[in-house]
Amino acid sequence: MLELVTTDRGPDTESAEAAVTFESLLELISRGDQEAFSELYDRTAPRVLGLVKRVLVDHAQSEEVAQEVFLEIWKTASKFESHRGSAMSWILTMSHRRAVDRVRSSQAGHDRDERIGLRDIEPEYDQVSESVEIRIEHERVKRAMAQLTELQREAISLAYYGGYSHSEIAGILSIPVGTVKTRLRDGMIRLRDELGVHS
Amino acid sequence: MSGTRSDDDLDPRLLTGAYALDAVSATEAESFEKATDSSATLRDETDGLVETATLLGLAATPVTPSTRLKADLMAKLSSTPQLPLSGAGSARHAATDAPESLDQAPDAAHSPAASVAEVIPAEVPATVSPAEAAPALAGPVESRARARWFSRPVGFVAGVAAAAALFVGGGFVGSALTDQPGAPVVTDASASGLAEIAAADDVARQTVAVDGGGTATLVWSNELGRSAVLVDGLPTLPDGKVYEAWYIDADGAAPAGTFAAAAEGTSWHVLDGALTPGDTIGVTVEPAGGSPAPTTTPIIVGETA
């Protein structure tokens, strides 16, 4: 990793890893490399903000949370362990949980109540440019989601994109909590298998 | 809340999906995590679903941030302390091989090891230790994210959880870890020492195979200057022999206390003395009472880097 002293995406990196992966950028960031941070931000911020805003709706609040996420990345990059999962997953896990924490403790919770039913996952791509790797991931997820039953997709969307707890979902859908849990679990297992995720 | 409660509602096996989607309450998450600690099946399913959930994040519509967001962030970097690298090896690299771009942030980069003490405490309470402070900045859900990513090694978590459970049991600690009731291999002080290390922001660990069978996990915190070794499946030693831990550096090996290993389950030993970043931790078999210097070949060797 020591060869990676530049954030230029040159082809001559001698690292065993692919040139300037998110993982490599985190490694550089952990040593205080602001250029690496800048590059990571440029390449992931639309994703982070997109996920956070999907949960929070309110743009200003979402930017606040996104800023918290990126400061957290800056602070804790040294703790990222690449053998435990991808950098993108690490970043998105952090983003989602911060967004959920915010939505459950703020006005954002009321805002999101007004858009129950908006559960499409079809993004509009025109507004952002992003890396090929993310776009490919997106296509995979979209295809996998299509394999779920409507009820599973609904429950998962409410939980993940709505930030609702299972008991809230039970209330929204007027079904028992146990049914919600089952739908979430069955749906996630199906998704996992469709996506080929191995723990 | 129209759900009807039944016993099924309390079965953690049904909760993996909800947990992975952050759709559980903090209380539920806590008890669920305890359940995962004691079930590999549950843990595997949970890990897979958590990984799957993060992929859902990629299906959200990307949103271009305002230019102000990046400007604000970049402006904050220089004054935002970073957690130190886990191992001294890495810290050395940071100090001596710092990228040229670090000229912009000289203080943060050039003396990571030396500046840990000053840098971290100033920032820890509000921002880097969400489990303990500042719910507005980092709530319980996000803390769990940290818990998963920063201390996930399964064996280690299970081991520490087991240790913590035993510690809660108080006097149960000793007899539970040895086949000789009344001859505790660990003290309560040792258990709380382990808990303290495990809770450190910069906790790091490494699992190593043990010569002669079994596994050992080294756990350390440079911030605390402490370390522990958790062992599983080590041979029970004959009378008159003990395991002895060592801090090893270029000057040799310094004794760091003796311990016994339980016949079953996880035993651990919090090392005596202070960990210097970069030290190698070793364990040898020594005569009862320990030796001032190793007399046998180490069965466990691990670098804290």
Within the bounds of segment A:71-87, is there any residue that is in contact (Cβ under 8 Å) with a residue 60 or more places away in the chain, more than 7 Å from every other protein chain (Cβ to nearest Cβ) and surrounded by fewer than 24 Cβ atoms within 10 Å (Cβ to Cβ)?
-> yes
Residue count, segment B:253-305, condition part of a strand (DSSP E or B), under 21 Å from B:Leu224 (Cβ atoms) and charged (D, E, K, R), comes to 1
Please work out if A:Asp120 is surrounded by fewer than 18 Cβ atoms within 10 Å (Cβ to Cβ), within 11 Å of chain B (Cβ to nearest Cβ) and at pLDDT below 90.
-> yes
Which of the residues spanning segment B:33-47 are assigned to a helix (DSSP H, G or I) and either over 14 Å from B:Asp22 (Cα atoms) or among the hydroxyl-bearing types (Ser, Thr, Tyr) (or both)?
-> B:Lys34, B:Ala35, B:Thr36, B:Asp37, B:Ala40, B:Thr41, B:Leu42, B:Arg43, B:Asp44, B:Glu45, B:Thr46
Subset of segment A:48-58 that is within 8 Å of chain B (Cβ to nearest Cβ) and either closer than 18 Å to A:Tyr164 by Cα or at pLDDT below 90 (or both) - its residue that is nearest to the chain's Cα centre (by Cα) | A:Leu51
Scan B:Thr41, B:Thr36, B:Thr46 and give me the residue that is hydroxyl-bearing (Ser, Thr, Tyr), modelled with pLDDT of 85 or more and more than 25 Å from B:Gln206 (Cβ to Cβ).
-> B:Thr41
Can B:Ala75 be described as more than 8 Å from chain A (Cβ to nearest Cβ), within 17 Å of A:Ala45 (Cβ to Cβ) and among the small types (Gly, Ala, Ser)?
-> yes
Would you pick out the residues in segment B:248-277 that are closer than 19 Å to B:Thr207 by Cβ and modelled with pLDDT under 85?
-> B:Ala261, B:Ala262, B:Glu264, B:Gly265, B:Thr266, B:Ser267, B:Trp268, B:His269
Has segment A:152-164 got any residue that is in a helix (DSSP H, G or I) and closer than 14 Å to B:Leu14 by Cα?
-> no
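A quick yes/no check of all residues on (1) in contact with a Pro (Cβ under 6 Å, 6 or more places away or on another chain); (2) closer than 27 Å to A:Phe80 by Cβ; (3) among the hydrophobic types (A, V, I, L, M, F, W, C):
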site	(1), (2), (3)
B:Gly193	no, yes, no
B:Val208	no, yes, yes
B:Gly214	no, no, no
B:Val229	no, yes, yes
B:Leu234	no, no, yes
B:Phe259	no, no, yes
B:Pro287	no, no, no
Within segment A:72-91, can you find the residues that are under 16 Å from the mean Cα position of the chain (by Cα) and more than 18 Å from A:Ser24 (Cβ to Cβ)?
-> A:Glu72
Working carefully through the options A:Ala66, A:Ala87, find the one that is modelled with pLDDT of 90 or more and of a type in the set (A, V, I, L, M).
-> A:Ala66
From the option list B:Val242, B:Val231, single residue qualifying as of a type in the set (A, V, I, L, M, F, W, C), more than 16 Å from the chain's Cα centre (by Cα) and part of a strand (DSSP E or B) is B:Val242
Quick one: which of B:Ala26, B:Ala40 is more than 7 Å from every other protein chain (Cβ to nearest Cβ), farther than 22 Å from A:Arg190 by Cα and within 22 Å of the chain's Cα centre (by Cα)?
-> B:Ala26
Test result for A:Asp33, outside the structural domain of A:Ile156 (by TED's automatic domain parsing) and under 12 Å from B:Lys70 (Cβ atoms) | no
A:Gly109 vs (1) at pLDDT 65 or above; (2) part of a helix (DSSP H, G or I); (3) more than 7 Å from chain B (Cβ to nearest Cβ); (4) touching a helix residue (DSSP H, G or I) at 6+ places or on another chain (Cβ under 6 Å): all pass except (1)
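The values are calculated or read from the model by the stated rules, or taken from the named source; none is laboratory data. Quick caveat: nothing in here was measured; it's all calculated off a predicted structure. Please note: Cβ atoms are built from the backbone with ideal geometry, for glycine as well, and neighbour counts cover all protein chains shown.
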